[in-house]
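Participant: I'd like to ask you about the structure that follows.
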Amino acid sequence: MRVAGILAALGLLAAPAFAQTKPMTLQPERLPGMCLTLSASGSVSVACDGSAGQDFIVPGETPGPIRQGDLCLAPRGAGYYPQLFLEACDGSPEQTWTMNAEGELRSAAGRCISLLGQASRTGEMIFAAECPKVGSAHQWKVKSVDFTNVIEASLESTVRPGMCIGHDTGVGLYPCSDAYGQIISFDEKALGQMRLKSSCFSGGYVFGALGLGECWDIPAQRWALLGNGVVGNELVQCIEVVPENGRDVLRTVRCNSARPEQQWIVRPKPATAQ
């Protein structure tokens with residue numbers, strides 16, 4: 001299956017550029033599918049679900065407020081980790097933001113929106129940190145996306161029933177348990193990253209091994225369900241169970257939806273799982 005065929009089958013369109021009048025989500029660069037979310041207790045990272053608390057009107061190239069309704073986003077309190085809240089708009093430096101070319105959201109007061117710990121668990125704190133003098137440690141994506149199809153699930157092998165993709169001592173098959181080390185976040189209907197914990201799956205590693213590491217916007221890390229439970233990336237590499245030296249390992253090989261070794265059962269995360 002060619003890349004063009006995958007994209008056509010999924011009906012993918014280029015993401016629109018963000019505008020100052022259209023509500024958008026704010027997602028950490030390294031944690032696709034997690035959104036800055038506001039509640040009465042402050043700003044946290046929550047799996048994107050399209051709720052009103054995740055929609056913001058974001059300034060473009062010209063500095064301005066990050067708004068939700070008639071209120072503006074601003075840090076509350078002093079110290080190194082002040083969380084963000086909605087406040088009455090006053091045009092102050094704390095409420096004046098700019099997104100630079102590196103994806104940093106910087107205020108005129110010299111603070112950057114940052115995710116504490118870079119973990120993918122729901123509830124991680126988001127705060128206004130001091131901006132780094134060099135580098136781009138606090139990167140965000142402004143996206144208008146339908147998150148209806150983003151799910152958290154484990155992937156069970158059809159040729160090894162009861163065994164799921166996971167990470168413990170390494171990436172491999174483990175007895176399915178709905179544990180945190182087996183819960184993968186991905187979009188059922190679109191091409192995108194598959195995240196486990198705070199890392200992303202990648203194909204094309206040495207000897208075709210399935211890798212798990214830092215998240216990047218690259219073809220090897222853009223995955224989709226291609227039919228028959230097959231999971232393939234934009235390089236047309238699919239995850240396959242391969243017996244080697246008396247044990248099963250996970251490889252990324254040329255996609256073939258007829259091969260049962262490449263077929264997976266999607267097991268949605270139970271509501272009680274952590």
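Participant: Counting Lys and Arg as +1 and Asp and Glu as -1, each charge on the Cβ, what is the dipole of the range 150-268 about the Cα centre in debye, to the nearest 20?
Facilitator: 160 debye
Participant: Sticking with this one: Could you work out how far the C-alpha centroid of the range 65-96 sits from that of the range 166-241, in angstrom?
Facilitator: 37 Å
Participant: Counting other beta carbons within 10 Å of each residue's own, what order do ARG111, ARG254, ARG247, ARG106 fall into, fewest first?
Facilitator: Result, fewest neighbours first: ARG247, ARG254, ARG106, ARG111.
Participant: Just to confirm a number: summing +1 for Lys and Arg and -1 for Asp and Glu over residues other than TYR80 whose beta-carbon lies under 11 angstrom from that of TYR80, what do you get?
Facilitator: 0
Values in this text are rule-based calculations from the coordinates and carry no lab data. Model, not experiment: these values are computed from the prediction. In this analysis, Cβ positions are derived from the backbone assuming ideal geometry, glycine residues included, and neighbour counts consider all displayed protein chains.
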